[in-house]
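Peer 1: Can you read through this structure? Questions will come right after.
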């Protein structure tokens with residue numbers, strides 16, 4: 001068996017910045033930095049900018065290109081197994097061979113590519129909330145709801161790169177307002193930060209009850225969880241609704257995948273234990289019996305999860 005080269009890069013491409021991490025191939029983090037995501041010209045500069053940043057860092061460190069095992073990349077869109085991205089709206093990309101193009105720009109260096117949420121899930125499985133487990137579901141609750149499926153330590157991407165799109169499971173067939181994806185009743189419409197604020201405004205308008213939320217000008221999901229922690233009745237009702245909706249959705253997923261652990265991340269997860277407790281309570285009530293004891297944990301890597309998971313694609317054995 002050929003021994004691994006000493007270094008590898010993990011890259012997380014976001015809509016505003018690209019996070020780049022340099023690691024040794026034993027998994028040790030060396031350093032990270034960011035470059036702007038230049039989206040003009042349908043994102044034509046993104047991959048050349050990444051290649052330049054990597055080559056500049058190698059020169060700065062005195063490393064040769066031949067010292068690099070490879071480059072792992074997480075992108076905000078579906079990715080086929082061959083590293084071709086099936087469109088990234090917020091980068092301006094259509095169908096693009098990211099693996100082939102970036103490898104060519106780097107003189108033939110090995111490149112691995114996957115969806116950013118799947119890559120973050122791999123990072124949490126390897127070094128975060130799912131550490132020590134091989135089978136992990138990750139749910140990210142932010143402006144939207146994302147997710148990733150890790151089975152036996154590997155990303156499950158699916159035939160069309162769409163596996164793990166947990167946020168677009170239909171959980172309400174009676175919804176009249178469309179989701180950003182164009183469908184109606186997606187989990188994202190209720191368990192995201194945006195969805196939680198929408199639910200809060202609906203309840204406040206429909207109820208005459210006093211609530212700490214009534215004096216808040218720019219309402220956020222954090223305000224809702226903070227209110228629940230001090231016993232505000234409307235806030236508690238919203239948190240219970242989120243727990244029920246997400247907990248029930250997770251029963252569908254675990255009855256198919258049977259993970260060791262569900263890791264919950266994203267900005268909403270900063271609510272902490274009150275969120276976990278609400279999800280856990282409703283999950284246990286609804287789950288398929290053999291999967292009732294699935295563990296729930298909070299993500300711990302934050303914005304570094306994508307970088308860490310990206311490099312893991314390159315250095316996993």
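Peer 1: Just to be sure, is residue 274 in a helix (DSSP H, G or I) and more than 19 Å from residue 141 (Cα to Cα)?
Peer 2: no
Peer 1: Separate question: Can you tell me how many residues in the stretch 198-245 are surrounded by fewer than 19 Cβ atoms within 10 Å (Cβ to Cβ) and over 24 Å from residue 145 (Cα atoms)?
Peer 2: 14
Peer 1: Taking the stretch 246-260 only, how many residues are surrounded by 21 or more Cβ atoms within 10 Å (Cβ to Cβ) and not in a loop (DSSP other than H, G, I, E, B)?
Peer 2: So the count comes out to 4.
Peer 1: Sticking with this one: Kindly provide the set of residues from the stretch 5-19 that are in contact with a helix residue (DSSP H, G or I) (Cβ under 7 Å, 6 or more places away or on another chain) and outside any strand (DSSP E or B), ordered by number.
Peer 2: Scanning the stretch 5-19 gives 5, 6, 15.
Peer 1: Can you tell which of 147, 164 is closer than 17 Å to residue 80 by Cα, in contact (Cβ under 8 Å) with a residue 12 or more places away in the chain, in contact with a helix residue (DSSP H, G or I) (Cβ under 8 Å, 6 or more places away or on another chain) and part of a strand (DSSP E or B)?
Peer 2: Exactly one residue qualifies, and that residue is 147.
Peer 1: Go through the stretch 307-317 and report how many residues are at pLDDT 95 or above and in contact with a helix residue (DSSP H, G or I) (Cβ under 9 Å, 6 or more places away or on another chain).
Peer 2: Adding up the residues that qualify gives 7.
Peer 1: Out of all the residues in the stretch 63-77, is one or more loosely packed, with under 13 Cβ neighbours inside 10 Å and part of a loop (DSSP other than H, G, I, E, B)?
Peer 2: Yes, the stretch 63-77 has at least one match.
Peer 1: Condition first: closer than 14 Å to residue 140 by Cβ and surrounded by fewer than 23 Cβ atoms within 10 Å (Cβ to Cβ). Now tell me which residues in the stretch 300-317 satisfy that. Give the steps one after another, and end with the answer.
Peer 2: Applying the first criterion (closer than 14 Å to residue 140 by Cβ) to the stretch 300-317 yields 300-306, 309.
Matches in the stretch 300-317: 300, 301, 302, 303, 304.
Peer 1: Select from the stretch 20-47 the residues that are touching a helix residue (DSSP H, G or I) at 6+ places or on another chain (Cβ under 6 Å) and part of a helix (DSSP H, G or I) and write down the one among them that is surrounded by the most Cβ atoms within 10 Å (Cβ to Cβ).
Peer 2: Top of the filtered list is 47.
Peer 1: Hey, among the residues in the stretch 90-100 that are under 18 Å from residue 40 (Cα atoms) and assigned to a helix (DSSP H, G or I), which one's modelled with the lowest pLDDT?
Peer 2: Going through the qualifying residues, I end up with 90.
The values are calculated or read from the model by the stated rules, or taken from the named source; none is laboratory data. Since we're looking at a predicted model, the values are computed, not measured. Cβ: placed from backbone, ideal geometry, glycine included. Neighbour counts: every protein chain shown.
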